[in-house]
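Contents: one structure, followed by commentary.
The values are calculated or read from the model by the stated rules, or taken from the named source; none is laboratory data. It should be emphasised that the depicted structure is a prediction, and the values quoted were computed from it without experimental measurement. All Cβ positions, glycine included, derive from the backbone under ideal geometry; neighbour counts span all protein chains shown.
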Amino acid sequence: MHTRKLGPFDVSAIGLGAMCLSHAYGTPPDPEAASAVLLKALDLGYNHLDTAALYGFGANEALIGRVLGGRPRAFVLATKGGIFRNEQGQREIDGRPEAIRRHCEESLARLRTDVIDLYYLHRWDKRRPIEESVGTLADLVKEGKIRSIGLSEVSAATLRKAHTVHPITAVQTEYSLWTRNAEVAVLQACRELGVAFVAFSPLARGFFGGTLRDASTLPPKDIRLAMPRFQGEHFARNLRLLDGLSAVAAESGCTMAQAALAWLLAQGPGIIPIPGTTRLDHLAENAAAERVRLSPAALERLNVLINPATVSGARYNAAVQQEIDTEETS
């Protein structure tokens, strides 16, 4: 694959989000199948792997450490801290300096590495100034435990505050045809500050693959069941968007998922999508999207077809929405 700049790193234009190998979308694959995905990703040219302490409460980091810990320079490794399991066994956002340090040390151990290339604050803990949390991350850079700092799900204002404490390498937020919140202000702030934008869920949590036509078939623990866009009448309305996406993809000689990724890559050279998958064929399909070039007419058709005015439902439920710090449009 061609490369894009991620701070000091040159990374594959499309990275791999590893979350679903351990977390979120029903029963994860067995360890052998998950290992095969990671190894095949490197063979296909992915050299940017993204994980987090939260994913499987450490299981995802442990998987990457076990499978790829002996190949630390074969890829750029990104992980996230600031959310983990508290003493009651519940998910908790914690941006205290001592918590960030503990999360980082635990991640280093699970990943079997001495240094993490890109370490994100997974969520801003709104109980304390962002400058305090980023200051702790800056200390970890000085100590050689992390190479660069990222922020996840933050507003343009929060990014600018953080950047005054220490240069921010990347902002990671959901961005796709059907989630355009970053277009309100964050993308412009990233361009002005020279910050890379890492787009998670670029395939609308699998929706743009075109095969999920009945949300009732999702497994009981699938996180999409709690997301309004996958519920009831919202989902029924959103299904109507797929016909147009399918038509543009067919005319462009690619799959629906590839069209969605190609649209995202066309939004600017500082944007790096990180689709996740548990399947080897989808892994190769996503990688090949980097070679798809949509015509200006196709890009405009997709913009008109799928946007905040045509997508039904919010991306998160109310409880999760309160945790994030982005300029929301729906």
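Of note:
- Top-ranked residue of region 39-65 - restricted to ones that are crowded, with 21+ Cβ neighbours inside 10 Å and acidic (Asp, Glu), ranked as farthest from the chain's Cα centre (by Cα): Glu61
- Taking region 74-106 as the range and being in a loop (DSSP other than H, G, I, E, B) and of a type in the set (S, T, N, Q) as the test, the residues that pass are Asn86, Gln88, Gln90.
- Among the residues making up region 141-164, those that are in contact with an Asp or Glu (Cβ under 9 Å, 6 or more places away or on another chain), closer than 19 Å to Pro97 by Cβ and of a type in the set (Ser, Thr, Tyr) are Ser148, Thr158, Thr164.
- Exclusive hit being over 30 Å from Thr27 (Cβ atoms) and in a helix (DSSP H, G or I), set Ala247, Ala259, Ala236: Ala247
- Flag not set for Arg205, criterion: crowded, with 22+ Cβ neighbours inside 10 Å, more than 19 Å from Leu49 (Cα to Cα) and either without any contact (Cβ under 8 Å) to a residue 12 or more places away in the chain or of a type outside the set (Gly, Ala, Ser) (or both).
- Sole exception among (1) assigned to a helix (DSSP H, G or I); (2) under 23 Å from Ile14 (Cα atoms) for Ala109, by number: (2)
- Just one of the listed residues (Glu323, Glu290) is buried (at least 17 other Cβ atoms within 10 Å of the Cβ), among the acidic types (Asp, Glu) and within 23 Å of the chain's Cα centre (by Cα), and it is Glu290.
- Residue within region 172-181 that is at pLDDT 95 or above, among the small types (Gly, Ala, Ser) and under 13 Å from the mean Cα position of the chain (by Cα) present: yes
- Of the residues screened, Glu98 is one that is surrounded by fewer than 24 Cβ atoms within 10 Å (Cβ to Cβ) and of a type in the set (D, E, K, R).
- For region 114-124, a tally of residues being part of a loop (DSSP other than H, G, I, E, B) and either of a type in the set (Lys, Arg) or surrounded by 22 or more Cβ atoms within 10 Å (Cβ to Cβ) (or both) returns 3.
- Out of Ala162, Ala138, Ala156, sole residue that is in contact (Cβ under 8 Å) with a residue 12 or more places away in the chain and more than 21 Å from the chain's Cα centre (by Cα): Ala138
- Index of the failed condition, Pro275 passing every other in (1) crowded, with 19+ Cβ neighbours inside 10 Å; (2) part of a helix (DSSP H, G or I); (3) touching a helix residue (DSSP H, G or I) at 6+ places or on another chain (Cβ under 6 Å): (2)
- Ile149 in contact with a helix residue (DSSP H, G or I) (Cβ under 6 Å, 6 or more places away or on another chain), touching a residue at least 24 places away in the same chain (Cβ under 8 Å) and over 22 Å from Ala314 (Cβ atoms): yes
Here's the yes/no breakdown for (1) touching a strand residue (DSSP E or B) at 6+ places or on another chain (Cβ under 6 Å); (2) of a type in the set (A, V, I, L, M); (3) in contact (Cβ under 8 Å) with a residue 24 or more places away in the chain:
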{"site": "Gly209", "(1), (2), (3)": "no, no, yes"}
{"site": "Leu218", "(1), (2), (3)": "no, yes, yes"}
{"site": "Ala257", "(1), (2), (3)": "no, yes, yes"}
{"site": "Pro273", "(1), (2), (3)": "yes, no, yes"}
{"site": "Ala297", "(1), (2), (3)": "no, yes, no"}
